[in-house]
Amino acid sequence: DPTILDALSYALVGDKNIRNKLERAYNLCSDLGAVAKTLFSQGINGIEKFQVQVGKPIRMALAERLPNAGEIIQKIGPCLAEPKYDGFRCQVHKDGEKIRIFSRNLEDNTDMFPDIVRGVREQLTVQQAILEGEAVAHQPETGEYLPFQITVQRKRKYDIEEMQARYPLYLFAFDLLYADGVDYTDKPLEQRRQKLISAIKQGEIIKISSVAKYHDAQELENFFQDCVTEGLE
């Protein structure tokens, strides 16, 4: 995909000067063919007009790894940090009563997770939204998180209701990308989280991922060790 994006830029302007704009459009629509068609039918103006659309998955951002807390603080300074839950990534699209759930690979897994669909309908207070979260199975009696080997059993085409009863899911929401006409993909994380918190009311299924600000490497390392102790990823 990166090679094709480079090639499209060279084809139109002879260099990679519009590469970032092409990638931004691709990130918003996850359809490289649509980006190419728009580029050659409408030019760069058409590319700049790409917008988030509920129901069309956005390419998921992946973490950049650094070896230790010290290098993280050195690179970005004071930072927000949150637990990494050992489940599977869900990108949830809500358009009124219509809910769709996409996987990390942008596959439509909606039918696999009727409990998350129900939670979105009951807890999300906006009419249109795109949010991301991590789904984790838990013990119905205690709420204790279950290991990934258990959680992954919820990804299935058959016996969905039986497994839903045995291993219900929490969805730990950690980011909001769109809500009621506003594109949040270019907003600061703190602003996105504020909107996320205000858009979700308390309930049994959707939880807000915890987050805290850390100013030095030792604080961040202590937080990391606490997460490991709790059995988080």
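The values are calculated or read from the model by the stated rules, or taken from the named source; none is laboratory data. In this text the structure is predicted, and so the values were computed from the model without any measurement. No Cβ is skipped: glycine too gets one built from the backbone with ideal geometry, and neighbour counts run over all protein chains shown. In case anyone asks, the SASA skips ligands and DNA or RNA and just uses the protein heavy atoms, side chains included. Shrake-Rupley method; radii C 1.70, N 1.55, O 1.52, S 1.80 Å.
Any residue in region 8-23 that is without any contact (Cβ under 8 Å) to a residue 60 or more places away in the chain sitting within a Cβ distance under 8 Å of a residue that is surrounded by fewer than 16 Cβ atoms within 10 Å (Cβ to Cβ) and of a type in the set (Asp, Glu)? List the pairs, counting only those 6 or more apart or interchain.
Ser9/Asp15; Lys16/Asp6; Arg19/Asp6; Lys21/Glu48
Exactly one of (1) acidic (Asp, Glu); (2) more than 30 Å from Ala25 (Cα to Cα); (3) touching a residue at least 60 places away in the same chain (Cβ under 8 Å) is unmet by Glu190. Its number?
(2) is the only condition that Glu190 fails.
State whether the residues of region 99-114 include one that is of a type outside the set (Phe, Trp, Tyr), touching a Gly at 6+ places or on another chain (Cβ under 8 Å), touching a residue at least 24 places away in the same chain (Cβ under 8 Å) and closer than 30 Å to Glu161 by Cβ.
Yes: region 99-114 contains one or more residues that are of a type outside the set (Phe, Trp, Tyr), touching a Gly at 6+ places or on another chain (Cβ under 8 Å), touching a residue at least 24 places away in the same chain (Cβ under 8 Å) and closer than 30 Å to Glu161 by Cβ.
Just wondering, is there one or more residues in region 156-172 that are open to solvent by less than 20 Å² (accessible area, probe 1.4 Å), in contact with a Pro (Cβ under 9 Å, 6 or more places away or on another chain) and of a type in the set (D, E, K, R)? First the steps, then the outcome.
Let us first name the residues in region 156-172 that are open to solvent by less than 20 Å² (accessible area, probe 1.4 Å), namely 163, 169, 171-172.
Filter once more, keeping what is in contact with a Pro (Cβ under 9 Å, 6 or more places away or on another chain): 172.
Checking which are of a type in the set (D, E, K, R) leaves us with none.
Checked against the condition, which is being open to solvent by less than 20 Å² (accessible area, probe 1.4 Å), in contact with a Pro (Cβ under 9 Å, 6 or more places away or on another chain) and of a type in the set (D, E, K, R), region 156-172 yields no hits at all.
Mind checking which residues of region 55-78 are closer than 20 Å to Ala173 by Cβ and in contact with a Lys or Arg (Cβ under 7 Å, 6 or more places away or on another chain)?
Residues satisfying the conditions are Gly55, Met60.
For Gln91, only one of the following conditions fails: (1) over 22 Å from Glu233 (Cβ atoms); (2) surrounded by 14 or more Cβ atoms within 10 Å (Cβ to Cβ); (3) modelled with pLDDT of 95 or more; (4) polar (S, T, N, Q). What is its number?
Gln91 satisfies every listed condition except (1).
Please identify the pairs in which a residue from region 25-40 that is within 14 Å of Asp6 (Cα to Cα) and part of a helix (DSSP H, G or I) has its Cβ atom under 7 Å from the Cβ atom of a residue that is among the acidic types (Asp, Glu) and open to solvent by 30 Å² or more (accessible area, probe 1.4 Å), counting only partners at least 6 apart or on another chain.
Qualifying pairs under 7 Å: Leu32/Asp1.
Just checking: which of the helices (runs of 4 or more DSSP H) contained wholly in region 124-233 hold 3 or more residues that are closer than 21 Å to Ser103 by Cβ?
It comes to 148-151, 160-166.
Give me a count of the residues in region 196-223 that are in contact (Cβ under 8 Å) with a residue 12 or more places away in the chain and closer than 20 Å to Ala135 by Cα.
Qualifying residue count for the region: 14.
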